[in-house]
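Have a look at the structure below before the remarks.
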Amino acid sequence: MSCVRTRFAPSPTGFMHVGNLRTALYAWLLARSQNGRFILRIEDTDRARYVDNAVEVIYATLERAGLDHDEGPDAGGDFGPYVQSERKELYGKYAKELVARGGAYYCFCEKHEDSGEEETPHAGGCPGHCGELSAAEVEKKIASGAPWVIRQRVPRDGATTFTDCVYGEITIENKVLDDQILLKSDGMPTYNFANVIDDHLMQITHVVRGSEYLSSTPKYNMLYRAFGWEIPQYVHLPLIMGRDAEGNISKLSKRHGSVSFENLVAEGYLPEAIVNYIALLGWSPKSDRELFTLTELAEAFQLTGLNKSSAVFDYGKLRWMNSEYIKALAPEKFIEMARPFADVAGTPLESAWDKIAALLQSRTEILSEIPEKIAFLRALPDYGIELFDNKKSKCNAETAKAVLTETIPQFAALSEFTLEAVNGIAATYAQKHEVKLGQPMWAIRIALAGQTVTPGGAGDIAGILGKEESLRRLDLALKKLN
RNA sequence: GUCUCCGUCGUCUAGAGGCCUAGGACAUCGGGUUUUCAUCCCGGCAACACGGGUUCGACUCCCGUCGGAGAUGCCA
């Protein structure tokens with residue numbers, strides 16, 4: 001049993017937060033890099049939060065991200081069931097055993113109302129003194145039908161120390177630990193209990209989770225000890241933060257933008273890019289390399305590369321990384337992937353899509369920005385003649401007028417608007433008048449596009465627009481300049 | 001409030017006492033290539049939170065301060 005076993009234990013809430021995905025990624029990476037096993041467990045003990053279809057979202061996300069699991073509800077395995085709601089009896093049994101061992105007690109108090117200055121054994125514990133009830137009293141209360149929960153009995157004295165693979169040795173005074181609820185009144189376990197039972201039963205060797213669990217880990221260890229079980233290795237991960245409009249930083253959440261995997265994909269980020277990016281948020285390969293495939297990540301992964309401090313999610317860098325992945329795509333692949341985003345189906349642009357896509361590939365950071373990039377092809381924007389001013393190309397309204405006046409008849413005489421033909425006219429003009437090629441090029445491109453930044457040059461655009469529309473736009477520009 | 005953790009360029013990070021006049025990447029600024037836009041190439045700006053120690057020597061070790069985050073749920 002020296003084999004590394006890690007797990008990813010999401011709650012079916014309907015979407016996959018990138019923080020959770022990163023946790024899954026590191027757990028997967030740890031397992032794969034050690035030739036271990038990666039287990040998927042569904043933590044659905046909170047009936048109130050259950051969302052239909054949420055489990056499918058989890059499967060789909062893991063699959064698209066490339067994180068395959070060896071055991072799980074759908075994959076099977078020797079330690080099932082892998083869905084906590086199906087393990088309900090098990091937790092009840094262990095909770096009662098824990099009570100018998102003295103590590104927990106029945107509590108009959110009402111749900112927490114936060115009445116202020118209660119005299120509680122610990123911060124946030126049982127408000128009454130249920131832990132002091134005799135066995136006979138407890139039995140009587142249960143028999144009377146009073147609702148109950150089972151709470152962990154945490155000692156007031158002493159301190160608990162544990163070692164985390166990332167954070168090192170951590171000591172917490174027992175008196176600040178609360179008598180947390182292990183078994184809820186509906187008979188379901190809380191996360192705090194279920195994860196200990198399941199991690200032990202499923203023989204998880206490395207518990208990989210967010211650092212928000214750091215301060216409650218001593219309570220879990222008390223549970224392991226009370227049962228006489230071996231405590232797993234802990235790998236607590238730094239949190240992913242987000243920055244809000246005011247510049248305040250906090251745990252990344254919906255108010256920071258798109259934070260779920262499916263959101264990001266819908267915006268046109270490629271799954272591979274997302275995975276690559278989040279892998280580097282809190283972990284470093286200790287080299288300057290930044291672009292990794294999943295397989296390469298598994299080869300490079302080392303626990304020592306994990307960072308302690310939280311990391312701010314930077315959409316800007318993700319965009320850059322995404323653009324790298326887009327550029328690396330085979331052209332045919334890009335044409336196919338970008339088409340649904342471009343929304344050209346059924347429009348005159350559809351037949352030119354392959355050509356447009358070819359121009360777009362090196363100019364696209366996220367797929368969802370494509371419509372705005374090509375909007376000028378559908379309709380000429382309303383523009384002012386100041387766009388013809390460009391120092392570098394030595395172009396202005398004056399020279400543009402000269403260019404258009406002379407070249408429009410030549411364009412009109414063209415039988416076909418190919419890139420070569422259009423560029424040829426511009427080149428001839430430049431040669432004849434001894435000006436930079438940029439001068440006619442700039443003028444023609446602005447006339448064609450009505451905006452300064454365009455995907456592709458004058459010839460490209462003319463080729464897509466076609467003769468009729470190009471001529472119309474050139475004429476219009478000349479009118480503006482007159 | 002209490003407890004825990006964290007603190008290198010704006011952001012992600014390298015750095016495990018001398019290799020650091022602190023390296024890389026994103027962003028940003030400037031230049032070049034290109035038929036214009038982009039790609040691509042080159043260069044600039046930019047950080048060890050602060051104060052004490054320890055040491056011949058500290059970004060690296062210790063203490064304190066300040067700052068940030070997390071936890072404190074019959075949520076996970």
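The values are calculated or read from the model by the stated rules, or taken from the named source; none is laboratory data. Quick caveat: nothing in here was measured; it's all calculated off a predicted structure. Here Cβ is always computed from backbone atoms with ideal geometry, including for glycine, and neighbour counts include all displayed protein chains.
Numbers at a glance
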quantity	calculated
Selection count where residues are surrounded by 13 or more Cβ atoms within 10 Å (Cβ to Cβ) and under 13 Å from A:L214 (Cα atoms), scope segment A:137-195	10
First in segment A:392-415 and without any contact (Cβ under 8 Å) to a residue 12 or more places away in the chain, second anywhere and within 16 Å of RNA strand B (Cβ to nearest atom) and not aromatic (F, W, Y), Cβ under 7 Å, 6 or more apart	A:N396/A:D389
Selection status of A:K254, near RNA strand B (Cβ under 8 Å from one of its atoms) and either under 26 Å from the mean Cα position of the chain (by Cα) or under 26 Å from A:R7 (Cα atoms) (or both)	no
Test: A:A146 is aliphatic (A, V, I, L, M), more than 21 Å from A:V83 (Cβ to Cβ) and in a loop (DSSP other than H, G, I, E, B)	yes
Some residue of segment A:458-481 being in a loop (DSSP other than H, G, I, E, B) and either in contact with a Ser or Thr (Cβ under 7 Å, 6 or more places away or on another chain) or modelled with pLDDT under 90 (or both)	no
Matching residues, segment A:21-79, being within 13 Å of RNA strand B (Cβ to nearest atom) and more than 30 Å from A:E89 (Cβ to Cβ)	A:R22, A:Y26
Identity of the residue in segment A:349-367, closer than 20 Å to A:S470 by Cα and in contact with a Leu (Cβ under 9 Å, 6 or more places away or on another chain), that ends up surrounded by the most Cβ atoms within 10 Å (Cβ to Cβ)	A:I356
Pairs, first closer than 18 Å to A:S362 by Cβ in segment A:438-457, second near RNA strand B (Cβ under 7 Å from one of its atoms) and part of a loop (DSSP other than H, G, I, E, B), C-beta under 8 Å, six or more apart	A:R445/A:T454; A:R445/A:G457
Some residue of segment A:293-308 being within 29 Å of A:V176 (Cα to Cα), charged (D, E, K, R) and touching a residue at least 24 places away in the same chain (Cβ under 8 Å)	yes
Residue ID - nearest to A:V265 (Cα to Cα), chosen from residues in segment A:59-86 that are surrounded by 20 or more Cβ atoms within 10 Å (Cβ to Cβ) and not hydroxyl-bearing (S, T, Y)	A:A65
A:Y213 more than 10 Å from RNA strand B (Cβ to nearest atom), among the hydroxyl-bearing types (S, T, Y) and either at pLDDT 95 or above or in contact with a strand residue (DSSP E or B) (Cβ under 7 Å, 6 or more places away or on another chain) (or both)	no
Residue that is farthest from A:A458 (Cα to Cα), among those in segment A:382-422 that are under 44 Å from the mean Cα position of the chain (by Cα) and among the polar types (S, T, N, Q)	A:N390
Helices (runs of 4 or more DSSP H) wholly inside segment A:187-276 that include at least 1 residues being closer than 17 Å to A:L90 by Cβ	A:191-201, A:217-227
Residue match in segment A:389-396 (condition: part of a helix (DSSP H, G or I) and crowded, with 20+ Cβ neighbours inside 10 Å)	no
Any helices (runs of 4 or more DSSP H) falling wholly within segment A:301-388 and containing at least 2 residues that are closer than 30 Å to A:H236 by Cα and within 14 Å of RNA strand B (Cβ to nearest atom)	A:315-328
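Let's see how each residue does on (1) assigned to a helix (DSSP H, G or I); (2) at pLDDT 85 or above; (3) among the polar types (S, T, N, Q):
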| residue | (1), (2), (3) |
| --- | --- |
| A:Q410 | yes, yes, yes |
| A:A426 | yes, yes, no |
| A:A430 | yes, yes, no |
| A:Q439 | yes, yes, yes |
| A:A443 | yes, yes, no |
| A:Q451 | no, yes, yes |
